[in-house]
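To keep things clear, I will list the structure first and then write my remarks on it.
The values are calculated or read from the model by the stated rules, or taken from the named source; none is laboratory data. All values reported here derive from a predicted model rather than from experimental measurement. Backbone-built Cβ (ideal geometry, glycine too); neighbour counts: all protein chains shown. Just so you know, the surface numbers come from the protein's heavy atoms only, side chains and all, with ligands and any DNA or RNA stripped out. Shrake-Rupley method; radii C 1.70, N 1.55, O 1.52, S 1.80 Å.
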Amino acid sequence: MRLSRRTRAFVILLCLAVFSLALAEGLGGRRRRAETKYTDLILSAADEFSVPYPLIYAVIRAESDFRADAVSSAGAVGLMQLMPETFSFIGDELLQEPADPAKISDPAVNIRYGAAYLSYLLSRFPVLTTALAAYNAGENRVAEWLSDERLAKDGTLLQIPFQETENYVAKVTRFYDSYCQKFHTERRLK
């Protein structure tokens, strides 16, 4: 039996649609499983460092999309994509405990240290978008931006000069709002 062109085109489009849906479900399903897998670690770190747990979810999603073995081209490691120098700073200075470099990609350690760092940045830069910019571009760079009256006013960044950082802040903020909705919780940080 020979199919008409129209029927063949329909079958091809139908197959593509089914494949696309299966692929999307596969990616979304993987993320949902990973979100669930790390829930206890995220809630514990959120509680320990007084950081909203939807924000930790949002940072993890933006940084590694819940891949514990993620390593960036810049050398950032783990779920929360911590640079080794930042990891050491968090352990030595913020937590006052030895930071074992071999544990940087361990999900429990990486999430705990990432939450501690977020807490620190939120205390140093109380505006969420500024703290997120510091998480991405570095706190010293953001401090420089805040001292530039063309970029900031009254401790608030009016403009982020790096497109990558501006995109990152927008993405994490969007994910934060999404996780607040998903978990039926009020957005605590503005």
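Would you be able to say whether some residue in the range 136-144 is under 18 Å from SER50 (Cβ atoms) and not β-branched (Val, Ile, Thr)? For the range 136-144, residues under 18 Å from SER50 (Cβ atoms) and not β-branched (Val, Ile, Thr): absent. Checking each residue in the range 59-85 for being outside any loop (DSSP other than H, G, I, E, B), of a type in the set (Gly, Ala, Ser) and open to solvent by less than 10 Å² (accessible area, probe 1.4 Å) picks out only SER64. Kindly establish whether ASN110 is at pLDDT 95 or above and either open to solvent by 20 Å² or more (accessible area, probe 1.4 Å) or aromatic (Phe, Trp, Tyr) (or both). Answer is no for this residue.
If the condition is being in contact with a helix residue (DSSP H, G or I) (Cβ under 7 Å, 6 or more places away or on another chain) and open to solvent by 30 Å² or more (accessible area, probe 1.4 Å), then the range 161-174 contributes PRO161, PHE162, LYS171. For the range 86-116, the set of residues classified as of a type in the set (A, V, I, L, M, F, W, C) and not in a helix (DSSP H, G or I) consists of LEU95, ALA99, ILE104, listed by residue number. Applying a threshold of 8 Å to beta carbon distances and a minimum spacing of six or more residues, or different chains, the list of pairs starting in the range 45-66 at a residue that is among the basic types (Lys, Arg) and ending at one that is part of a helix (DSSP H, G or I) and open to solvent by 20 Å² or more (accessible area, probe 1.4 Å) reads ARG61/ARG31; ARG61/PHE175. Summed over the range 175-190, the residues that are within 18 Å of SER123 (Cα to Cα) and either surrounded by 13 or more Cβ atoms within 10 Å (Cβ to Cβ) or of a type in the set (S, T, N, Q) (or both) give a count of 3. If you go through the range 117-169 and pick out every residue that is assigned to a helix (DSSP H, G or I), without any contact (Cβ under 8 Å) to a residue 60 or more places away in the chain, of a type in the set (Phe, Trp, Tyr) and within 25 Å of GLN96 (Cα to Cα), you end up with 2.
Matching residues to (1) at pLDDT 55 or above; (2) aliphatic (A, V, I, L, M); (3) under 30 Å from TYR117 (Cα atoms):
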site	(1), (2), (3)
ARG6	yes, no, no
ALA22	no, yes, no
ARG30	yes, no, yes
ALA34	yes, yes, yes
SER50	yes, no, yes
TYR53	yes, no, yes
ILE56	yes, yes, yes
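State the number of residues belonging to the range 136-160 that are among the charged types (D, E, K, R), closer than 22 Å to THR86 by Cα and either touching a Leu at 6+ places or on another chain (Cβ under 6 Å) or open to solvent by less than 80 Å² (accessible area, probe 1.4 Å) (or both). Of the residues in that region, 1 qualify.
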